[in-house]
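The values are calculated or read from the model by the stated rules, or taken from the named source; none is laboratory data. Worth saying up front: this structure is predicted, and the values here are computed from it rather than measured. Using ideal geometry, Cβ is built from the backbone for each residue, glycine included, and neighbour counts are taken over all protein chains shown. For the accessible areas, the whole protein counts, side chains as well, though only heavy atoms, and no ligand, DNA or RNA atoms are used. Shrake-Rupley method; radii C 1.70, N 1.55, O 1.52, S 1.80 Å.
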Amino acid sequence: MNFLDLIWLIPFLPLIGAGIMLLFGRRLSKTAIGIISPGSVLLAFLLSLGAVIQLAGLEKREHQVVLGPWIEFLHADWGYLLDPLSSVMILVVTFVGFLIHVYAVGYMGHEHGPNHGGFYRFFGYLNLFVFFMLTLVLANNFALLFVGWEGVGLCSYLLIGFYFHKKSAGDAGNKAFIVNRIGDAAFILGMFLVFQLTGSLRFTDMNAALDGGQFSPEVAGFGILSVTALLLFIGATGKSAQAPLYVWLPDAMEGPTPVSALIHAATMVTAGVYMVARASALFVLTPDTSMIIAAVGAFTAIFAASIGLVQNDIKRVLAYSTVSQLGFMFLAAGVGAYWVAIFHLYTHAFFKALLFLGSGSVIHAMGGEQDMRRMGGLKDKIPITFRVMFVGSLAIAGIPGLAGFFSKDEILWQTWSSPIGSKALFLVGLITAAMTAFYMWRLVFMTFYGEPRMDEHTKAHIHESPPVMTYPLIVLAAGSVAAGWIGIPRLFGENNLFQALEHWLAPVFAHGAVPAAVHHHSHAVEALLMAISVAVALGGIFFARHVYLRLKEEQRPAGGALYKVLLNKWYVDELYSFLFVNGLSKGGGTVMAEFDRRFVDGGVNGTAWLTRMVSNISIWYDTWIVDGLVNLTAFFVRALSFPVRFLQTGWVQSYALVFVAGVLLAAGYYWLGR
């Protein structure tokens with residue numbers, strides 16, 4: 001069976017599932033919904049796996065399927081491209097997405113109502129989300145990628161605001177939708193500049209044009225290439241929640257927990273990282289833009305981590321963690337290590353999906369409670385959830401042997417050793433790694449250790465989640481351990497099986513990524529930096545243990561002013577509200593309303609007055625001059641026609657009388673003349 005020619009079916013399988021759910025789901029049982037919806041994603045994963053295996057056997061690891069022409073003047077087909085980059089993405093999206101779907105069957109099983117409307121509608125949206133994400137990563141051109149780009153934005157709006165009876169959920173959905181429109185506007189402009197520069201929106205055509213020597217790196221200024229790259233990156237900051245457009249992602253926690261896992265681990269927020277990696281041929285020609293990417297990524301990483309240090313909502317800690325980890329990915333992309341950005345995207349999908357679903361299991365056990373200050377002592381009551389969360393927290397902290405260690409350490413090494421990296425960026429990454437270890441293990445210690453802090457009713461009903469929820473957690477925990485072993489540092493050997501991901505992605509980034517060969521640093525330096533990164537991670541864990549296990553609550557350090565600032569998320573939401581919601585919408589709206597009344601309406605009303613005045617003059621001229629001349633002419637014609645009208649009566653008798661009189665006159669004249 002030729003799976004490569006069927007890659008178009010990979011996104012359409014979840015679309016079929018979405019169609020069944022949204023059109024016929026009301027008539028289906030929950031069991032049928034729980035089979036069809038995850039089953040469509042499982043089939044997409046199996047088809048993806050077969051296609052990737054066949055792709056590996058090709059000499060040139062690239063295969064396109066064009067279903068037909070689409071926007072011909074932009075050279076944009078309805079076509080799909082499978083190469084090493086898109087193959088990694090489809091495997092992550094379908095595999096992790098399938099596990100999230102299975103988990104959601106148990107998590108959302110309590111949804112009820114007339115014809116279980118919430119249940120089938122939820123899975124319809126979830127399938128649709130996967131369809132658009134697969135369309136995004138398989139598209140062979142920017143235009144089709146943009147279809148998926150906007151589609152995941154739509155689905156995030158629908159799923160974040162799924163509990164529409166809650167005002168906070170509706171507001172969060174609106175916030176995500178509006179903030180992403182800012183990035184999307186920049187993305188559209190960047191996309192059309194790509195077409196202007198290269199004459200096509202196809203990725204293969206773009207890479208050929210940028211690699212062909214037609215364009216030189218913009219090292220001496222900020223030219224059109226840099227503007228194009230910057231606009232695309234602004235689009236990525238919206239979709240992948242980077243500063244200053246990150247504010248929608250923490251509020252996205254208002255949606256059901258499986259939605260949070262899908263958004264954070266496998267779909268929407270990874271789209272920006274993927275797009276930057278896909279357009280790497282452009283970014284390597286714009287070093288100034290690349291430095292902006294690295295700087296924004298580093299700032300976002302440490303900024304979001306600082307907020308995560310003090311959050312008390314278990315899902316919000318993980319939300320700010322995602323923003324921070326995405327910053328790590330952009331940091332890697334900014335220093336030219338595109339394959340490392342994708343590596344961290346891949347490992348992050350496992351442990352972040354695990355952590356979010358694990359938090360959902362905790363919330364499920366706690367009867368909906370999300371505040372960690374009202375948890376504690378859960379490790380023996382929900383042992384499976386505790387163990388998998390323990391593994392996921394080790395992985396994200398970067399403990400050796402687990403997935404997060406390999407990708408995080410590679411980012412730090414590339415930041416240090418890359419010709420376009422810097423020691424300052426490395427230091428920011430190192431501090432962020434320490435913060436990550438602290439806030440994740442603060443979460444673990446507050447949730448699972450110590451004395452129970454919940455009320456007696458909640459305490460009496462704590463229970464482990466059902467197998468349909470715990471089995472996906474176990475699989476993700478295994479991935480959080482093993483996934484990183486296909487990208488171990490070169491310190492442990494060159495060109496072996498354990499650098500499989502780097503070799504697999506090499507053809508995609510051959511046109512511009514900074515290869516490891518140019519890193520003029522010894523393995524001793526790499527080993528030292530690795531030891532330092534592990535040490536700061538362990539330091540963060542043990543400091544969290546000291547504060548939240550060893551010290552009693554009254555002995556813990558007082559928060560102070562900085563704690564209040566961090567707890568209020570640096571007051572960024574308040575600043576945005578002041579500047580944009582109250583500033584532009586209210587204060588600015590008042591100014592614009594006055595401008596509209598005085599200038600716009602004044603101009604319109606003045607034009608209307610002038611028009612009326614001119615029309616009155618025209619009426620007078622028409623009445624007395626034009627009509628007067630016409631009427632005067634008519635009067636003279638009428639006066640002159642009076643004698644004629646006297647004779648021309650229209651009566652036959654009159655004409656006969658005149659005729660007889662004329663004959664008599666003629667006869668008399670003739671007779672008298674004789």
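At a probe size of 1.4 Å, how large is the accessible area of residue 167, to the nearest 10 Å²?
Using a 1.4 Å probe on the heavy atoms, I get roughly 150 Å².
Excluding residue 306 itself, calculate the net charge of residues whose Cβ lies under 14 Å from the Cβ of residue 306, where each Lys or Arg counts +1 and each Asp or Glu counts -1.
Details: positive: 316, 442, 564, 569; negative: none.
Cβ neighbours under 14 Å give a net charge of +4.
Got a sec? Charge dipole of the chain, +1 on Cβ for Lys and Arg, -1 for Asp and Glu; which of 341, 472, 419 is way out at the positive end?
Value computed over the given set: 472.
How much of residue 435 can a 1.4 Å solvent probe reach, expressed as accessible area in Å² and rounded to 10?
Looks like 40 Å² after rounding.
Bins of 20 Å, beginning at zero and ending with the bin holding the largest distance: percent of Cα pairs per bin for the chain, please.
Whole-percent P(r) values from 0 Å outward: 17, 45, 20, 5, 5, 5, 3, 1, 0.
Where a Cα-Cα gap under 19 Å defines reach, which aspartates and glutamates qualify for residue 30, not counting those fewer than 8 residues away within the same chain?
Of all the aspartates and glutamates, those that pass the test against residue 30 - Cα under 19 Å, at least 8 places apart if same chain - are 111.
Under a Cβ-only charge scheme (Lys and Arg +1, Asp and Glu -1), can you give me the dipole magnitude of the chain about the Cα centre, in debye to the nearest 20?
Details: 40 positive and 38 negative charges, 281 e Å.
Value, rounded to 20: 1340 debye.
Near residue 166, which lysines are there with a Cα under 20 Å away, not counting those fewer than 8 places off in the same chain?
Cross-link targets: 175, 315.
Highest mean first, what order results for 330-336, 272-278 on Cβ atoms within 10 Å? List each step's numbers first, then the result.
Values: 330-336: 29.6, 272-278: 25.4.
Output ranking for 330-336, 272-278: 330-336, 272-278.
Indicate the gyration tensor shape class of region 55-195 (rounded, prolate or oblate), computed on the Cα atoms with a ≥ b ≥ c the square roots of the eigenvalues: a/c under 1.5 is rounded; otherwise a/b larger than b/c is prolate and the rest oblate. Please report the intermediate quantities before stating the final value.
On the way: a/c = 2.66, a/b = 1.50, b/c = 1.78.
Oblate is the answer for region 55-195, as a/c is 1.5 or above yet b/c matches or exceeds a/b.
Under 15 Å from the Cβ of residue 345, count the other residues' Cβ atoms, weight Lys and Arg +1, Asp and Glu -1, and hand me the total.
On the way: positive: 239, 278, 352, 408; negative: 410, 502.
Spelling it out: positives minus negatives among the neighbours equals +2.
Which ³J(HN,Hα) values, rounded to whole Hz and listed in residue order, are derived for region 202-210 from phi using the Karplus coefficients 6.51, -1.76 and 1.60 in 6.51 cos²θ - 1.76 cosθ + 1.60 with θ = phi - 60°, glycine and proline given as x?
These are the phi-based 3J(HN,Hα) values: 6, 5, 5, 5, 4, 4, 5, 5, 6 Hz.
Counting only protein chains, not ligands or nucleic acids, how are 457, 546 ordered by accessible area (probe 1.4 Å), most first?
Numbers: 457 130, 546 85 Å².
My answer, sorted largest first, is 457, 546.
Let me check something: with ligands and nucleic acids excluded, how do 671, 149 order by accessible area (1.4 Å probe), largest to smallest? Could the numbers behind the result be given before it?
Working: 671 180, 149 0 Å².
Ranking 671, 149 by accessible area, largest first, yields 671, 149.
So what is the relative contact order of region 342-479, in percent, for Cα pairs below 8 Å that sit 6 or more residues apart? Write down the numbers at each step before the final one.
Details: 170 pairs, mean separation 57.6, N = 138.
Relative contact order comes out at 42 percent.
Taking all protein chains together and a probe of 1.4 Å, list 119, 642, 222 from the most accessible to the least accessible.
On the way: 119 5, 642 120, 222 95 Å².
The ranking, largest first, comes out as 642, 222, 119.
For the chain, what is the mean residue ellipticity at 222 nm derived from helices alone (per DSSP H run of n ≥ 4: -39500 (n - 2.57); sum divided by total residues; nearest 500 deg cm²/dmol)?
Values: 29 runs with 450 residues, N = 674.
Helix-only estimate at 222 nm: -22000 deg cm²/dmol.
Report, by chain and number, residues whose modeled amide H sits under 5 Å from the one on residue 66, excluding near sequence neighbours (fewer than 5 apart, same chain).
80
Can you list the equivalent-ellipsoid semi-axes of region 46-115, largest first and in whole Å, using the square root of 5 times each Cα gyration tensor eigenvalue?
Values: eigenvalues 226, 80, 14 Å².
For region 46-115, the semi-axes come out at 34, 20, 8 Å.
Give me the accessible area of residue 463, 1.4 Å probe, in Å² rounded to the nearest 10.
80 Å²
Can you tell me the accessible area per residue over the chain, all protein chains present, probe 1.4 angstrom, in square angstrom?
So the chain comes to 43 Å² accessible per residue, rounded to a whole number.
What part of the accessible area of the chain, given as a whole %, is carbon or sulfur when the probe is 1.4 angstrom? Let's see the in-between values first.
Working: 20060 of 29010 Å².
Of all accessible area on the chain, carbon and sulfur atoms account for 69 percent.
What is the total of Lys pairs in region 346-426 with C-alpha atoms under 26 Å apart, excluding same-chain pairs fewer than 8 positions apart?
Summing the qualifying lysine pairs gives 4.
So, by mean Cβ neighbours within 10 angstrom, what's the order for 398-410, 121-133 with the highest one leading? Display every interim value, and only then the final one.
Numbers: 398-410: 24.4, 121-133: 26.4.
Ranking, from highest mean packing down: 121-133, 398-410.
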